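Here the structure comes first, spelled out in structure tokens, and everything after it is commentary.
What follows is calculated from the coordinates using simple rules that are stated; it is not laboratory data. Quantities reported herein were computed from a predicted structural model and do not represent experimental measurements. In this analysis, Cβ positions are derived from the backbone assuming ideal geometry, glycine residues included, and neighbour counts consider all displayed protein chains.
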Amino acid sequence: ILVAHLYGRQVNMDPFISVARYYNLDIIEDCAESFSGFVHIGHPDSDLALFSFGVIKFSTSFGGSIIKVREEELYRQMHELYLKYPIQSNATYLKKLLKYFPLYTTLQVWPFPQLMQKSREMGMDWNATFVSFLRVFPNDLINNVRYRPSSALLSVMAGVQTSFNPASFDLQRIKCSYFQSNLTTSLKVIGTKTKINNFWLFPVVV
């Protein structure tokens, strides 16, 4: 059973765990969109919990992933297979960083966000450009992800994860909750019944 916590919403895993154990099934949690620091690392009875840190994630390291494995024997088998993969070169990782640098500069560094807003007011649509930058699924996906991370990527991942700020993360969640509470009733917000919502994305039905 694969359970994905979509849009930053963390669903209650207990019913899924019960069904999996009753039918002797493995259960996998896809936590790629619901990462909120390592306080929450998936349900303790999940066989696998998957985390990824691609370009559009909260704690992005422009790549890389972490898997929590419950059973030691399964971990051993996975690790043996993992060691057979080639190591991604630092040059490949640097190329990825250089690809996304213009995008992050445009979105974050003054005066580019202000210029983007003015250009939209004049009718210029940048959505297609941004979408093309953010496409992270190559045609040959499986072979492209079968690499061990480069030392540069591991270093960035370690820096990003150790500097994770729960207070800052909670503040953005509070802001999103306030925004949600002030939306017009004509908009239907998705996933409001989950107890934990990290607002990775904010989907609404118009």
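Between Ser186 and Arg120, what FRET efficiency follows from the Cβ-Cβ distance if R0 is 30 Å, with the result rounded to 0.05? Write out the running numbers ahead of the final one.
Details: r = 23 Å, r/R0 = 0.78.
With R0 = 30 Å, the Cβ-Cβ based efficiency is 0.80.
Each residue in Ser119, Ser36 was given a count of other beta-carbon atoms within 10 angstrom of its own, and listing them fewest first yields Ser119, Ser36.
With a Förster radius of 25 Å applied to the beta-carbon distance between Tyr104 and Gln172, the computed FRET efficiency rounds to 0.90.
With r defined as the distance between the Cβ atoms of Val206 and Tyr85 and R0 fixed at 30 Å, what FRET efficiency is calculated, to the nearest 0.05? Each step should come with its number before you reach the end.
On the way: r = 44 Å, r/R0 = 1.46.
Given R0 = 30 Å and the Cβ-Cβ separation, E is 0.10.
By per-residue mean of other Cβ atoms within 10 Å, what is the highest-first order of 69-75, 10-16, 178-184, 28-34?
28-34, 10-16, 69-75, 178-184
Ranked by how many other Cβ atoms sit within 10 Å of their own Cβ, fewest first, the residues Arg9, Arg146 fall in the order Arg146, Arg9.
Put simply, when 89-101, 54-66 are sorted by average Cβ atoms within 10 angstrom per residue, most first, you get 54-66, 89-101. Per-residue 3J(HN,Hα) values for segment 186-203, derived from phi via the Karplus relation 6.51 cos²θ - 1.76 cosθ + 1.60 with θ = phi - 60°, read 6, 9, 9, 8, 8, x, 7, 8, 6, 6, 10, 10, 9, 6, 4, 10, 10, x Hz in sequence order (x marks Gly and Pro).
Taking other C-beta atoms within 10 angstrom as a stand-in for reagent exposure, Asp170, Asp47 fall in the order Asp170, Asp47, fewest first.
Fully extended, how many nm does the chain gain between Tyr22 and Arg70 (0.36 nm per residue separation, minus their Cα-Cα distance)? Provide the component values of the computation, followed by the final result.
Values: separation 48, 0.36 × 48 = 17.28 nm, distance 1.79 nm.
Between Tyr22 and Arg70, full extension yields an extra 15.5 nm.
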